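Novice: First the structure, which I've put down as structure tokens, then a few questions once you've had a look.
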Amino acid sequence: MLRATHLHTRAAEYRAPGGPWDLPSLDALLTAAAVDADDMVLVVDGDRTVTGTELTELVARLAGGLASLGAGHGDAVAWQLENSLEALLLWRACWRLGAIGAPIHHHAGPTEARAALDLIAPIAVFARAGSALVEWRGAVEVGSTTWEALFATPARDVCWTDGSALGAVLFTSGSTGRPKGVLHTQETLAAKAVQMRTVHGLGPDDAVLMPAPLAHVSGLLNGVTLPGVVPMRAVLMARWDAPHALELIARWKVSFMVGPPTFFVALLDSPACTPDAVRSLRLVSSGGAGVSEAFVEDASTRLDAVVKRTYGSTEAPTVATSCPTDPTPATRRHDGRALGAVELHVADPATGVACAASAPGELWVRGPEVCCGYVDAADSAAAFTDDGWFRTGDLATVDASGWLTIVGRIKDVIIRGGENISATEVEAHLQAHPAVREAVAIGEPHPRLGERICAYVVTNGEPFDIETCRAHFTARGVARFKTPERIVVVGALPLLPTGKPDRSALRTHAVRGAETEERS
């Protein structure tokens with residue numbers, strides 16, 4: 001049985017009357033909202049639509065099926081599925097039993113998937129034909145007669161009431177290394193969903209398009225829990241395809257989207273992106289690398305919608321963003337302000353001592369949406385302080401007005417000739433050039449300097465070479481040592497399953513490029 005490995009130091013305060021955890025369980029919240037929705041379509045999956053009444057019944061029946069397999073309080077239930085009705089139902093059915101949903105990304109290979117399952121020892125595993133886990137011992141193939149039989153067992157129609165029960169284990173993404181399982185309770189997930197409903201001003205007339213995997217925190221929050229508590233329609237996409245996304249936006253009057261800039265750059269670049277196609281879209285929340293001021297301004301204008309920056313992680317989802325009443329210049333320049341009971345602390349990574357206002361340091365976060373640790377207690381001990389702060393590993397500044405700006409990752413610092421250079425800062429300057437659509441800066445090995453800056457850029461078709469780059473950085477008054485020394489123009493950046501650039505793949509490419517250049 002999985003257990004929390006980090007205890008919230010302010011749990012009593014969060015559970016006090018009026019506190020962020022003073023809520024029914026997540027299962028009870030979602031069930032009440034679906035019952036109220038009645039005949040409203042709440043889920044769209046391809047040609048399938050599910051109303052509130054149908055969703056309530058399907059959750060109860062699948063929960064009964066999971067119980068027949070032995071799943072109960074504290075047990076992990078794993079699955080490997082693309083975004084689909086079945087994935088959403090598995091989340092909901094787990095919460096009905098007080099069990100823990102443990103999804104594996106649908107593109108994960110056998111080694112990754114099995115390493116994750118070895119970590120959590122699930123009591124049941126579900127997979128689609130052709131996926132890495134379909135051969136796992138005892139796995140149930142979704143769509144098979146065994147799967148369908150689960151819905152014929154006695155339904156579990158009584159809601160789970162203990163919000164402190166673990167509700168999710170989410171595996172952090174990366175191109176190398178062992179998986180880390182992030183643990184969330186029903187309380188942390190419920191508090192975040194209820195808060196974001198208010199922050200975004202969402203109601204039953206809204207609809208969200210969700211291409212981000214439901215196996216990741218963004219997909220879980222914005223494709224399952226948030227639309228579930230509003231309630232509003234969730235339109236699921238099995239894979240990202242910009243022209244198809246535009247069709248879904250128009251057909252289902254999608255008003256809300258969340259994702260990294262790569263989604264929206266592809267949307268805007270599609271010939272099908274006309275004012276009529278995106279007329280219903282009113283709010284876009286974007287996080288991750290590449291959310292520059294130029295991107296927000298361009299997307300806001302071309303989509304005729306509110307486009308805002310947001311900050312969060314698997315461990316601490318959406319802890320900062322902006323609100324509709326915030327001044328536009330600030331919302332475009334910064335990654336938001338702390339929400340609700342969230343506390344932000346910018347510290348010297350070595351000592352933990354607070355940095356001066358607007359001085360960069362490592363961002364520490366504490367709040368009711370922060371996870372309850374990792375499956376491995378050693379991972380929790382490394383990431384959390386004794387007084388409950390989560391060390392994000394992100395370099396940030398917080399100004400006197402509370403505006404947060406992420407300036408890089410501790411591990412994404414390029415060290416050139418002894419000078420520490422933020423890759424994020426270099427990328428922001430690159431993306432300010434009119435020819436550059438996307439950019440990633442990498443530390444490329446150099447025999448004399450240790451590292452030099454290699455920039456991978458996606459252009460809009462206009463030329464962008466090293467001389468153009470140098471002139472651009474000079475015009476912006478950037479120090480010469482922060483100017484890229486090699487430009488690689490690519491048609492598209494390699495991406496992780498989350499949609500974020502795969503920096504490890506680019507580093508490998510940069511190393512090979514440096515070796516080739518040295519031999520020549």
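Novice: Condition first: surrounded by fewer than 17 Cβ atoms within 10 Å (Cβ to Cβ) and assigned to a loop (DSSP other than H, G, I, E, B). Now tell me which residues in the range 293-314 satisfy that.
Specialist: ASP304
Novice: Run TRP95 past the list (1) under 22 Å from THR146 (Cβ atoms); (2) modelled with pLDDT of 95 or more and report the number of the one that doesn't hold.
Specialist: Every listed condition holds for TRP95 apart from (1).
Novice: Restricting attention to the range 424-458, and to residues there that are among the small types (Gly, Ala, Ser) and touching a residue at least 60 places away in the same chain (Cβ under 8 Å), which single residue is farthest from HIS334 (Cα to Cα)?
Specialist: Selected residue: GLY443.
Novice: Answer yes or no as to whether TRP91 is assigned to a helix (DSSP H, G or I), assigned by TED's automatic domain parsing to the domain that holds LEU220 and under 26 Å from ALA4 (Cα atoms).
Specialist: Spelling it out, TRP91 is indeed assigned to a helix (DSSP H, G or I), assigned by TED's automatic domain parsing to the domain that holds LEU220 and under 26 Å from ALA4 (Cα atoms).
Novice: Going by the conditions given, is GLY367 surrounded by fewer than 18 Cβ atoms within 10 Å (Cβ to Cβ) and out of contact with any Cys (no Cβ under 7 Å at 6 or more places or on another chain)?
Specialist: For GLY367, the condition - surrounded by fewer than 18 Cβ atoms within 10 Å (Cβ to Cβ) and out of contact with any Cys (no Cβ under 7 Å at 6 or more places or on another chain) - is not met.
Novice: Just wondering, is there one or more residues in the range 1-17 that are under 30 Å from ARG251 (Cα atoms) and surrounded by fewer than 23 Cβ atoms within 10 Å (Cβ to Cβ)?
Specialist: Within the range 1-17, none of the residues are under 30 Å from ARG251 (Cα atoms) and surrounded by fewer than 23 Cβ atoms within 10 Å (Cβ to Cβ).
Novice: Being exposed (fewer than 15 other Cβ atoms within 10 Å of the Cβ), of a type in the set (A, V, I, L, M), under 30 Å from the mean Cα position of the chain (by Cα) and farther than 30 Å from LEU220 by Cα is the requirement here; does VAL457 meet it?
Specialist: Considered against the rule, which asks whether it is exposed (fewer than 15 other Cβ atoms within 10 Å of the Cβ), of a type in the set (A, V, I, L, M), under 30 Å from the mean Cα position of the chain (by Cα) and farther than 30 Å from LEU220 by Cα, VAL457 comes out as no.
Novice: If you take the residues in the range 94-116 that are assigned to a helix (DSSP H, G or I) and in contact (Cβ under 8 Å) with a residue 60 or more places away in the chain, which one is surrounded by the fewest Cβ atoms within 10 Å (Cβ to Cβ)?
Specialist: Result: ALA115.
Novice: To continue, here is another question. Could you identify the single residue in ALA190, ALA127, ALA121, ALA165 that is aliphatic (A, V, I, L, M), in contact with a Leu (Cβ under 6 Å, 6 or more places away or on another chain) and under 18 Å from ALA76 (Cα atoms)?
Specialist: None of the other options fit; the residue is ALA127.
Novice: Would you confirm whether any residue within the range 153-167 is more than 24 Å from LEU221 (Cβ to Cβ) and of a type in the set (D, E, K, R)?
Specialist: Yes.
Novice: Considering each residue of the range 363-380, count those that are touching a residue at least 40 places away in the same chain (Cβ under 8 Å) and more than 22 Å from the chain's Cα centre (by Cα), and give that number.
Specialist: Residues that pass the stated criteria total 1.
Novice: While we're looking at this one, here's another question. Considering each residue of the range 185-218, count those that are of a type in the set (Val, Ile, Thr), out of contact with any Pro (no Cβ under 6 Å at 6 or more places or on another chain) and within 15 Å of GLU315 (Cα to Cα), and give that number.
Specialist: 2
Novice: In the range 466-502, what residues are at pLDDT 85 or above and closer than 22 Å to ARG239 by Cα?
Specialist: Matches in the range 466-502: GLY491, ALA492, LEU493, PRO494, LEU495, PRO501, ASP502.
Novice: Continuing with this model, one more query. Out of curiosity, is ALA78 at pLDDT 95 or above and more than 21 Å from LEU29 (Cα to Cα)?
Specialist: The answer is yes for ALA78.
Novice: Failed condition for THR56, given (1) under 24 Å from ALA212 (Cβ atoms); (2) of a type in the set (Ser, Thr, Tyr); (3) assigned to a helix (DSSP H, G or I), with all others met?
Specialist: The number of the failed condition is (1).
The values are calculated or read from the model by the stated rules, or taken from the named source; none is laboratory data. Only a predicted model underlies this, so the values are computations on that prediction, with no experimental measurement involved. Glycine also receives a Cβ, built like all others from the backbone with ideal geometry; neighbour counts cover every protein chain displayed.
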